[in-house]
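Working notes, structure below.
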Amino acid sequence: MTNRLASSTSPYLLQHAENPVDWWEWSPEAFAEARERDVPVLLSVGYAACHWCHVMAHESFEDAETAAYMNEHFVNVKVDREERPDVDAVYMAVTQALSGHGGWPMTCFLTPGGEPFYAGTYYPPAPHAGMPSFRQVLEAIEHAWREQGDEVRESAAGIVSQLAFQPLPQSTVDEEVLSGAVVSLLGHFDRANAGFGGAPKFPPSMVLEFLLRHHERTGSVQALSMARATCAAMASGGLYDQLAGGFARYSVDAAWVVPHFEKMLYDNALLLRVYTHLARRDDDPAHARVARETAEFLLRDLGTPEGGFAASLDADTDGVEGATYVWTPAQLVQALGLAEGARAAALYGVTDEGTFEHGTSTLRLLGEADPGLAATLLAVRSRRPQPGRDDKVVTAWNGLAVAALAEAGAVFGEPRWVDAAVRAAELLLGTHVVGGRLLRTSRNGVAGTAAGVLEDYGCLADGLLALHQATGDARWFTEACGLLDTALARFAGDEPGVHHDTADDAEALVQRPSDPSDNATPSGASSLASALVTASVLGGPSSYRDAAEAALSRAGLLVAREPRFAGHWLSVAEALALGPVQVAVVGPGDDLVRAAWAGVHGGGVVVSGEPGGAPLLEDRPLVDGRAAAYMCRGYVCDRPVTSVDELREALSARR
């Protein structure tokens with residue numbers, strides 16, 4: 001028997017379509033039903049690759065008795081947090097405030113007006129470690145609603161009043177703040193294992209990007225050493241898929257040994273850029289290998305037939321976390337023979353005791369990479385059951401992938417990656433833009449119904465600007481500027497520099513979200529600011545730079561106090577501090593283009609093409625009929641050069 005979720009376009013909601021729970025999608029009709037029945041709304045939020053979401057579903061939502069109680073006493077609403085980040089943001093703020101922590105699955109209880117009055121995350125089927133069972137929570141909520149309904153509604157109204165948006169005061173992000181961020185990050189740096197903080201440990205992609213940019217601008221040894229050590233530790237640990245490339249969501253331990261096995265598009269897109277930039281800076285084959293393998297992972301494992309990129313790969317295989325990825329020494333011997341199996345066990349840290357569960361081990365790289373050995377084991381692994389894939393295409397995350405593949409393709413001379421970025425951009429502009437406005441998702445080439453949020457506009461604009469640089473096609477610049485103009489018009493707050501995460505004509509929630517923090521992905525406001533800076537450097541209006549500076553000042557206190565949660569803002573600040581750095585290559589000068597991509601760092605831009613083919617190529621002719629490179633910094637330009645050696649010398653002198 002199926003429920004209402006059977007017609008959804010979300011793979012996460014479809015996972016619950018056979019539940020005995022009478023689920024509703026988030027909709028006015030669901031809340032109207034709650035008002036008519038005078039019952040609370042049970043809001044359950046998760047995502048397709050979430051391990052504990054699967055656990056709670058199996059334990060509670062698939063249980064007929066639990067489902068019957070839910071159906072009798074609640075209107076039950078299921079939300080895919082990736083499809084509706086606005087709903088997730090509002091109620092996650094409540095969950096963190098009421099329970100002291102957040103995460104998924106998120107379980108909230110709302111009035112029929114959408115006002116929250118109780119919230120938590122995962123609840124077990126029986127009391128455990130001081131945590132009540134899910135059934136106990138349901139019964140307590142039902143009793144309170146029935147016996148103390150007025151008090152519950154009053155409490156909910158009070159919670160909503162505390163959610164009222166208060167913009168941060170303006171605060172300058174200057175050189176002192178940027179150097180102070182490095183000092184603060186040093187205080188959180190794990191000198192034994194690299195990364196920041198303890199377990200669980202997440203890949204700090206945006207912080208690493210900031211550290212690289214800060215080093216490139218200032219020469220900071222501390223910034224570079226933290227970035228190098230963290231990239232090396234992640235790439236050699238279990239967080240990284242040593243056989244197929246690509247990074248898992250996070251490490252459950254501080255030493256990067258055991259990952260939480262889900263693989264997210266956004267992590268891999270952001271980390272592809274980091275490793276590309278580090279490989280370009282260090283000319284290190286190890287970093288280049290990780291970048292190349294991650295790019296190929298995106299194309300091979302996350303590419304969709306329509307040209308986009310799927311959201312994620314599941315943490316579980318047939319209900320078992322990590323089953324596809326872990327090994328025992330005996331399995332290695334069976335795959336490779338006795339001698340090669342023993343060598344693989346030593347290389348990848350596979351022990352008799354195991355580093356994971358039930359005597360199995362994750363694979364780490366404890367020596368030099370062996371591509372042949374990895375390919376053989378990958379072929380064996382491919383015959384195992386594989387994790388599920390959430391194949392919806394998320395606008396913002398695809399924008400991150402477009403940017404990463406376009407830039408990596410240009411740096412490494414891989415036109416296939418640039419072509420893949422072009423195909424994804426064409427899908428997004430052709431399917432996700434309706435009536436001049438972005439939609440959040442599509443699946444199988446069919447657009448979803450959820451409106452795009454600010455991060456969709458910012459990340460896609462940033463990706464199109466990277467594609468403009470990699471291809472020289474002015475179309476991408478024009479499309480990006482159109483998105484930026486819409487974002488500035490529809491997402492602005494009442495005060496200068498303030499931006500909301502939802503548009504002014506979006507569905508009204510109990511709060512209009514506006515979170516400036518960078519978390520797993522850039523915040524909407526920081527992604528917008530980043531794209532505005534890049535567009536201004538590529539020849540966009542000066543008002544773009546002014547808007548970016550105003551937005552940065554609104555995030556100034558966050559940047560100064562919590563740099564770990566402001567990595568993308570810090571990269572924006574570094575780009576602004578560096579001043580516009582532009583390299584325009586006119587004419588058929590492939591060698592000059594490659595040299596430009598190899599030498600431009602820290603927010604600089606590269607554009608190539610025929611004279612007049614893009615804003616930065618206007619009024620810049622060939623030199624004696626030959627291709628020429630024009631380099632400018634701070635709107636002061638050097639004389640054009642026609643040789644690679646001259647361009648490299650100019651780029652080196654500017655760093």
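Compute the whole-percent fraction of alpha carbon pairs in the stretch 261-394 spaced more than 22 Å apart. I get 46 percent for the Cα pairs in the stretch 261-394 exceeding 22 Å.
So what's the projected area for the stretch 369-451, the Cα convex hull averaged over all directions, in nm²?
Numbers: hull surface 30.4 nm².
Over every viewing direction, the Cα hull of the stretch 369-451 projects on average to 7.6 nm².
Roughly what % antiparallel, to the nearest 5, for the DSSP beta bridges in the chain?
Details: 41 of 55 bridges.
Roughly 75 percent of the beta bridges in the chain run antiparallel, per DSSP.
Taking amide H atoms as placed 1.01 Å from N in the peptide plane, the amide H of SER514 lies under 5 Å from those of ASP501, each 5 or more residues away in sequence or on another chain.
Sorting the segments 570-583, 33-46 by their residues' average number of neighbouring beta-carbon atoms within 10 angstrom, most packed first, yields 570-583, 33-46.
Under a 5 Å amide H cut-off, with hydrogens placed 1.01 Å from N, ALA555 pairs with nothing among residues at least 5 apart or on other chains.
The spacing between the stretch 440-470 and the stretch 483-544, judged by their C-alpha centroids, is 14 Å.
Share of antiparallel DSSP beta bridges in the stretch 1-129, in percent to the nearest 5?
Numbers: 9 of 18 bridges.
Percent antiparallel among DSSP bridges in the stretch 1-129 is about 50.
Enumerate the lysines that LYS201 could reach by cross-link, defined here as Cα to Cα under 21 Å, with residues fewer than 8 away along the same chain left out. Result set, ordered by chain and number: LYS263. The string of couplings for the stretch 535-549 from the Karplus curve (6.51, -1.76, 1.60, θ = phi - 60°) is 4, 5, 5, 7, x, x, x, 5, 4, 5, 5, 4, 5, 5, 5 Hz, one whole number per residue in order, with x for Gly and Pro. With semi-axes defined as the square roots of five times the eigenvalues of the C-alpha gyration tensor, the equivalent ellipsoid of the chain measures 41, 31, 22 Å, largest first.
Evaluate the stretch 529-655: find the radius of gyration of its Cα atoms, find its Kirkwood radius, and give the ratio Rg to Rh.
Values: Rg = 16.0 Å, Rh = 15.3 Å.
A ratio of 1.04.
Centroid-to-centroid, using Cα positions, the stretch 157-230 and the stretch 264-335 are 25 Å apart.
Based on alpha-carbon atoms only, what is the radius of gyration of the stretch 173-284 relative to the globular estimate 2.2 N^0.38 Å?
Numbers: Rg = 13.7 Å, N = 112, 2.2 N^0.38 = 13.2 Å.
Rounded to two decimals, the normalised Rg is 1.03.
Hydrodynamic analysis of the stretch 329-383 uses the Kirkwood radius over alpha carbon pairs. Inserted into Stokes-Einstein at 10 °C and 1.306 mPa s, it gives a translational diffusion coefficient of 141 µm²/s.
With no solvent and one point on each alpha carbon, what is the Debye value of log10 I(q)/I(0) for the stretch 604-655 at q = 0.13 Å⁻¹? With no solvent term, the Cα-only Debye profile gives -0.30.
The sum of -39500 (n - 2.57) across all DSSP H runs of n ≥ 4, divided by the residue count of the chain, sets its helix-only mean residue ellipticity at 222 nm to -15000 deg cm²/dmol.
Unpaired cysteine residues in the chain (no second Cys Cβ under 4.7 Å): CYS108, CYS231, CYS459, CYS481.
If the viscosity is 1.002 mPa s and the temperature 20 °C, what translational diffusion coefficient in µm²/s does Stokes-Einstein give for the stretch 427-471 when Rh comes from Kirkwood over Cα pairs? Before the final figure, lay out each step's value.
Values: Rh = 11.0 Å.
Answer, rounded: 195 µm²/s.
Sites counted here are chymotrypsin sites (Phe, Trp or Tyr not before Pro) in a DSSP loop (not H, G, I, E or B) having no more than 14 other Cβ atoms within 10 Å; the longest part of the chain that contains none of them is 166-634. For a distance above 27 Å, tell me the whole-number percent of Cα pairs in the stretch 2-136 that qualify. Tail fraction, whole percent: 10.
For a straight C-alpha distance cut-off of 12 angstrom, the aspartates and glutamates reachable from LYS392 (same-chain residues fewer than eight places away being disregarded) are ASP80, GLU82, GLU83, GLU306.
Stokes-Einstein diffusion for the stretch 5-72 at 10 °C, viscosity 1.306 mPa s, with a Kirkwood radius from C-alpha pairs, works out to 125 µm²/s.
Since every read-out is calculated from the coordinates, none of them should be taken as a lab result. What you are looking at is a predicted structure, and each value in this text was computed from that prediction instead of being measured. Note that each Cβ is placed from the backbone with ideal geometry, even for glycine, and that neighbours are counted across all protein chains shown.
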